Amino acid sequence: MNCIIIDDEPIARQGMSKFINKVPELILKGIFKNTDEAKSFLDAHDVNLIFLDIQMPGINGVEFAKTLSKNTLVIFTTAHIKYALDSYEVDAIDYLVKPIREERFFKAVNKALEYNYFLSDSYEKGQYKASGENSILIRADRRDYKILFGDILYIEGMKDYVIINLGSGKLITAMNLKTALSKIPENLFVRISKSYIVNVSHITAVANHAVFINDIELPLGISYRKYFMEFYKGKS
């Protein structure tokens with residue numbers, strides 16, 4: 001994956017460069033201190049992934065991300081955890097809080113590599129086929145998969161697709177998150193942010209800004225929090 005760094009802090013750019021050079025699948029094509037410099041480069045070059053600082057002079061990272069191609073993946077980097085939820089409003093792959101730990105960096109990159117594979121022509125995108133009373137049928141890998149609603153942990157929106165996360169693996173299908181929500185039982189699933197729908201029966205913990213399924217942490221969006229808490233308390 002071709003990637004670039006956009007960050008106004010020299011030390012942050014240097015640290016990120018060192019991390020990227022440890023990943024054979026990443027090719028660092030450019031380092032920029034602001035979005036204006038990066039935009040000129042992006043207009044002339046193909047870039048798969050951007051490590052993007054949020055708080056910068058001029059156009060901030062979140063606003064800049066809204067102008068990018070839907071095929072360009074973004075991992076936000078920020079010194080302020082309060083911006084984390086904003087990153088999911090623009091379909092960011094992940095966010096990293098400075099100072100960035102190496103293991104956390106690799107986790108985010110692995111997620112980006114996986115998503116890039118999902119978006120590639122070598123991966124057969126699934127298709128929604130039908131829905132039964134207790135299950136949904138997804139066409140993928142030349143097979144029809146019958147997925148019980150109870151086996152779905154959560155559904156993640158990614159560009160023009162959704163990833164159905166199961167305990168046994170994942171399936172991707174061409175559908176937006178709003179459509180996905182209309183195909184599943186409203187008494188079992190609830191939307192918690194622009195990018196995530198969760199199966200309430202699999203939730204193990206809830207915090208002010210996050211929902212947990214075992215060790216998986218999913219962001220709880222501000223605009224979804226009130227409805228989710230009422231829904232969750234009712235189910236509990």
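The values are calculated or read from the model by the stated rules, or taken from the named source; none is laboratory data. Everything numeric in this text was worked out from a predicted model, so none of it was measured. Cβ coordinates were reconstructed from backbone atoms using ideal geometry, including for glycine residues, and neighbour counts include every protein chain displayed. The accessibility values were calculated without ligands, DNA or RNA, using every heavy atom of the protein model including side chains. Shrake-Rupley method; radii C 1.70, N 1.55, O 1.52, S 1.80 Å.
Quick notes on this structure:
- Conditions (1) surrounded by 13 or more Cβ atoms within 10 Å (Cβ to Cβ); (2) without any contact (Cβ under 8 Å) to a residue 24 or more places away in the chain; (3) closer than 18 Å to PHE149 by Cβ; (4) not aliphatic (A, V, I, L, M); number of the one not met by GLU217: (3)
- Condition check for LYS226: out of contact with any Gly (no Cβ under 6 Å at 6 or more places or on another chain), open to solvent by 50 Å² or more (accessible area, probe 1.4 Å), among the charged types (D, E, K, R) and over 23 Å from ILE138 (Cβ atoms): yes
- Some residue of region 169-178 being surrounded by fewer than 20 Cβ atoms within 10 Å (Cβ to Cβ) and more than 18 Å from the chain's Cα centre (by Cα): no
- Failed criterion for THR67 (all others in (1) of a type in the set (Val, Ile, Thr); (2) open to solvent by 30 Å² or more (accessible area, probe 1.4 Å); (3) under 28 Å from ILE197 (Cα atoms); (4) assigned to a helix (DSSP H, G or I) hold): (4)
- Flag if SER182 is crowded, with 16+ Cβ neighbours inside 10 Å and within 20 Å of ASP160 (Cβ to Cβ): no
- Just one of the numbered conditions (1) modelled with pLDDT under 85; (2) surrounded by 15 or more Cβ atoms within 10 Å (Cβ to Cβ) is not true of GLY61: (1).
- Looking across region 34-58, just one residue is within 17 Å of ILE11 (Cα to Cα), out of contact with any Gly (no Cβ under 6 Å at 6 or more places or on another chain) and either in a helix (DSSP H, G or I) or modelled with pLDDT of 95 or more (or both), and that is PHE51.
- Within region 185-202, considering residues that are of a type outside the set (D, E, K, R) and over 18 Å from ILE163 (Cα atoms), the one surrounded by the most Cβ atoms within 10 Å (Cβ to Cβ): SER201
- Here VAL74 meets the list (1) closer than 17 Å to VAL90 by Cβ; (2) under 22 Å from the mean Cα position of the chain (by Cα); (3) surrounded by fewer than 22 Cβ atoms within 10 Å (Cβ to Cβ) almost entirely, failing just condition (3).
- Residues that are closer than 23 Å to ASP160 by Cβ and out of contact with any Phe, Trp or Tyr (no Cβ under 7 Å at 6 or more places or on another chain) do not occur anywhere in region 203-219.
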